[in-house]
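What follows is a short report on a single structure.
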Amino acid sequence: MKIYRYEKSDGGGPWCTLDGRLRSHPNEIQMNDPYVYGCSSLTALNEYFQNRKDVNILADCVLKIYDIPEKEVIISTRQVLFPKTYIKQQV
């Protein structure tokens, strides 16, 4: 299944690092689970972010497209989740 996601170079998303630390408060772990979030289409991803009020939330983010086995994907209402182990960090 193709999954579209905005990421920073550390493999984390706009709000949290890959290990779940809030970018706005690096000493706080917020998302301490084995999954990351994305969307099942580029349209859905852009719709998800179009109404976000965070200033420059996508600064330094790049679009990543993953091909994840469907049995590994959890589908929620607006997003999909997949195991963090599929993220390759660029250091």
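Some observations on this one:
- Residue match in the range 47-61 (condition: in a strand (DSSP E or B) and more than 26 Å from MET1 (Cα to Cα)): no
- Residue list for the range 1-46, filter: surrounded by 16 or more Cβ atoms within 10 Å (Cβ to Cβ), in contact with a Gly (Cβ under 7 Å, 6 or more places away or on another chain) and in a loop (DSSP other than H, G, I, E, B): LEU18, MET31
- LYS71 vs. criteria more than 19 Å from SER9 (Cα to Cα) and open to solvent by 50 Å² or more (accessible area, probe 1.4 Å): yes
- Inside the range 74-91, residues that are of a type outside the set (Lys, Arg), open to solvent by 70 Å² or more (accessible area, probe 1.4 Å) and within 15 Å of SER41 (Cβ to Cβ) make up a count of 2.
- Scanning the range 3-45 for residues that are small (Gly, Ala, Ser) and touching a Leu at 6+ places or on another chain (Cβ under 8 Å) yields GLY11, GLY12, GLY38.
The values are calculated or read from the model by the stated rules, or taken from the named source; none is laboratory data. Here the structure is a predicted model, which is why all the values come from computation and not from measurement. Virtual Cβ from ideal backbone geometry, glycine too; neighbours counted across all protein chains shown. All accessible areas refer to the heavy atoms of the entire protein, side chains included, with ligands and DNA or RNA removed. Shrake-Rupley method; radii C 1.70, N 1.55, O 1.52, S 1.80 Å.
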